[in-house]
Amino acid sequence: ACIGLSFFFRYMEKRRMATLDKFAAHQLVGRLTRNISSRKRRSKNIFILLAVFMCFAALARPQYGFKWVEVKRKGIDLLFALDTSKSMLAEDIKPNRLKRAHLAILDFVRQLEGDRVGLLPFSGSAYLMCPMTLDYGALENSLAAVNTDIIPKGGTNIAAVIEKALEILNNGANHKILIILTDGEHLQGDTITVAEEAADKGMTIYTVGVGTSEGELIPLEEQGGGGFVKDTSGNFVTSKLDEATLNKIAEVSGGLYVPLGLAGEGLETIYQEKLALIPKEELAERRTKIAIDRFEWPLALAAFFLIVELLIGQRKSNGRYSFINGIKKIGRIVKKRGKIAAFIII
């Protein structure tokens, strides 16, 4: 904008000189303009350019320093229970079930605003890896460390997951949401009964089926992907998604069952159809660092440059006379145009 304005000033100066040439003979132009100071005209244009530049600088929201403020966050508590049993290494969805569930959780969390999240890996047992937090980066770091060796005890004990989740989500303020991502194979314990008890205590369970009903062989990590898990008879084990049980768990707790899908779209379905409709409850206040806007500084400079431009006359004269005339000129403008001139100066 400033470059364009400078070209405009140059164009207007050339046009002014061309008009003057038409008005008077060429040899008289110098005599007619001898009291006009070209240096002062250039100075006035420069101050206008500086004022415009500072206005744009103010619009850019310059910030310097910060302050601490107490803010209230609103949201719900979401606890992700992620199956880490060996069957989660099956590659019926790419790259494998565990990695696809990992990526789906990350995509889901990135759209949250003010909701507390936690991570509960499980297989034959469960433990809290990431406590309930508003720090989504902490959850991402915990997810990056999850693998099938993180819990030594094998199996898929969803009943233990639900009981552990009840201990974690023991606050009375927020909705208690447990999202279980698993292939649901070889379930242990009386899962349906525990899910009903959890529903009576105010917990809603959403189940996400990871894998396909056709199933896939389970690769052996220690063999670099060159072998597969076999049963005691020497036959290859095919891991299949158990949707019926997962659907029943969600149904008795008032939740929803969805398949994860090849691109992790199942969690998005839960968010859009259920979680987005839950009324938000206030969480505890916390201190947040807020940057301080300093747009007043360039804006004040812009006003200063405009005032200086008004004070500069166009005629050749001594400095004192020019300054006094400039002050008088400002007075006449304010007196004649009142509010408009005052608004421009402010």
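When each of GLU268, GLU222 is tested for being modelled with pLDDT under 75 and in a helix (DSSP H, G or I), the lone residue that passes is GLU222.
Would you check if there is a residue in the range 177-192 being in contact (Cβ under 8 Å) with a residue 12 or more places away in the chain, more than 22 Å from ILE93 (Cα to Cα), open to solvent by 50 Å² or more (accessible area, probe 1.4 Å) and among the aliphatic types (A, V, I, L, M)? Checked the range 177-192: no residue is in contact (Cβ under 8 Å) with a residue 12 or more places away in the chain, more than 22 Å from ILE93 (Cα to Cα), open to solvent by 50 Å² or more (accessible area, probe 1.4 Å) and among the aliphatic types (A, V, I, L, M).
Give me the residue from the range 244-265 that is of a type in the set (D, E, K, R) and either at pLDDT 90 or above or at positive phi (or both) and, out of that set, least open to solvent (accessible area, probe 1.4 Å). Ranking the candidates gives LYS248 first. Selection within the range 295-332: residues that are modelled with pLDDT of 90 or more and out of contact with any helix residue (DSSP H, G or I) (no Cβ under 7 Å at 6 or more places or on another chain). The member of this set that is surrounded by the fewest Cβ atoms within 10 Å (Cβ to Cβ) is GLU296. Condition test on LEU181, is it of a type in the set (A, V, I, L, M, F, W, C) and farther than 18 Å from LYS86 by Cβ? For LEU181, the condition - of a type in the set (A, V, I, L, M, F, W, C) and farther than 18 Å from LYS86 by Cβ - is not met.
For the range 125-173, taking the residues that are part of a loop (DSSP other than H, G, I, E, B) and among the hydroxyl-bearing types (Ser, Thr, Tyr), the one that is nearest to LEU246 (Cα to Cα) is identified as SER125. For the range 65-103, a residue qualifies if it is aromatic (Phe, Trp, Tyr) and at pLDDT 90 or above, and exactly one does: PHE80.
The values are calculated or read from the model by the stated rules, or taken from the named source; none is laboratory data. In this text the structure is predicted, and so the values were computed from the model without any measurement. Reconstructed Cβ throughout: ideal geometry from the backbone, glycine too, with neighbour counts over all protein chains shown. Accessible surface areas use protein heavy atoms only, side chains included; no ligands, DNA or RNA. Shrake-Rupley method; radii C 1.70, N 1.55, O 1.52, S 1.80 Å.
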